[in-house]
1. Once both labels are modelled 7 Å past Cα along the beta-carbon direction, what's the Q227-H170 spacing in nm?
2. Over the chain, what is the relative contact order in percent, taking alpha-carbon pairs closer than 8 angstrom and at least six residues apart?
3. Roughly speaking, what is the stretch gain from K195 to S107, that is 0.36 nm per residue apart minus the C-alpha to C-alpha distance, in nm to one decimal?
4. Under a straight-distance cross-link criterion of Cα-Cα below 14 Å, which aspartates and glutamates are reachable from K37, leaving out those fewer than 8 residues away in the same chain?
5. Short version: ³J(HN,Hα) in whole Hz for each residue of the range 148-157, in order, from phi by Karplus 6.51 cos²θ - 1.76 cosθ + 1.60 (θ = phi - 60°), x for Gly and Pro, what are they?
6. Given H placed 1.01 Å from N in the peptide plane, which residues other than close sequence neighbours of V217 have an amide H under 5 Å from its amide H?
7. Taking the alpha carbon gyration tensor of the chain, what are the square roots of 5 times its eigenvalues, largest first, to the nearest whole Å?
8. Can you list residues whose amide H is under 5 Å from S41's amide H, if they're 5+ apart or on another chain and H is modeled 1.01 Å from N?
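The values are calculated or read from the model by the stated rules, or taken from the named source; none is laboratory data. No experiment lies behind these values; they were computed from the predicted model shown. In this analysis, Cβ positions are derived from the backbone assuming ideal geometry, glycine residues included, and neighbour counts consider all displayed protein chains. With ligands, DNA and RNA removed, areas are computed over all heavy atoms of the protein, side chains included. Shrake-Rupley method; radii C 1.70, N 1.55, O 1.52, S 1.80 Å.
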Amino acid sequence: MTPVFANSFSCHQFTVKHAEGVAKVSTDAMLLGCWAKVSGSRILDLGTGSGIIALLAAQRNPNARVFAIDHLEEAAELASFNLAHSPWSDRMVAIKSSIQAYFPENSYDALLCNPPFFQPGKALLAVDQGRLNERHAVALPMSELISAIHRLLTPVSGRASLILPVQNQHELLETTRDQGLYLSRLTEVITVAGKTPERILVELSPVEVLCEESTFVIKQNGDYTPQYKALFEGFYLHV
């Protein structure tokens, strides 16, 4: 069934249609899709929504098959449409499934996830109504998410990348320690220079490695930073 579209978001090489009840393209999704390492032959976007993160991964890795799953029927249908109408449709597939129920035959070299917030009622930083509905409707404990990531990730070389509110960092570290995953990269995201971080971009590894830490600033002195422009070059139409 073709979704009823609300509007669209265009990048240099593809366009993402939006639909009511499904989260629109957000800065969070763009950050994760452009920051995450997407090497390997199999990539998974967990909780794909419109499919934006999967599409960014497909553009960045021309040799990978990209899978996108979402437990919401309307999101899976929308992602399926957007993936099918992209330049990489022959190596992309959208699947309706919850993370907990997804047991593919093969593991994934790169896994990307912009998950729902884990403590409903705490500071919700998204304002789009569809996104708020999705965030409230989904109950995904951190332990279940990390357990699924550990199960789906290719041993040793696999990497999982997530974007989270900064207040979830402590819970993430506790949970990954219990599940046998390790922090390999951490980037604090600051919206305006001088402010405290609101988001963290994290990369998890099945093997213990030295964690690379950095800071990413979106705006300074009223303009986008060179760091921001460099990350999104080739994706945003106007940076």
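1. Spacing of the two 7 Å Cα→Cβ label points: 2.5 nm.
2. 17 percent
3. In short, 27.8 nm is gained.
4. Correct list for K37: D45, D109, E203, E212.
5. Computed from phi, the couplings for the range 148-157 are 5, 4, 4, 5, 8, 7, 4, x, 6, 8 Hz.
6. Amide H to amide H, under 5 Å and 5 or more residues apart or across chains, V217 pairs with I190.
7. 23, 22, 19
8. When sequence neighbours closer than 5 places are left aside, the close amide H contacts are D109.
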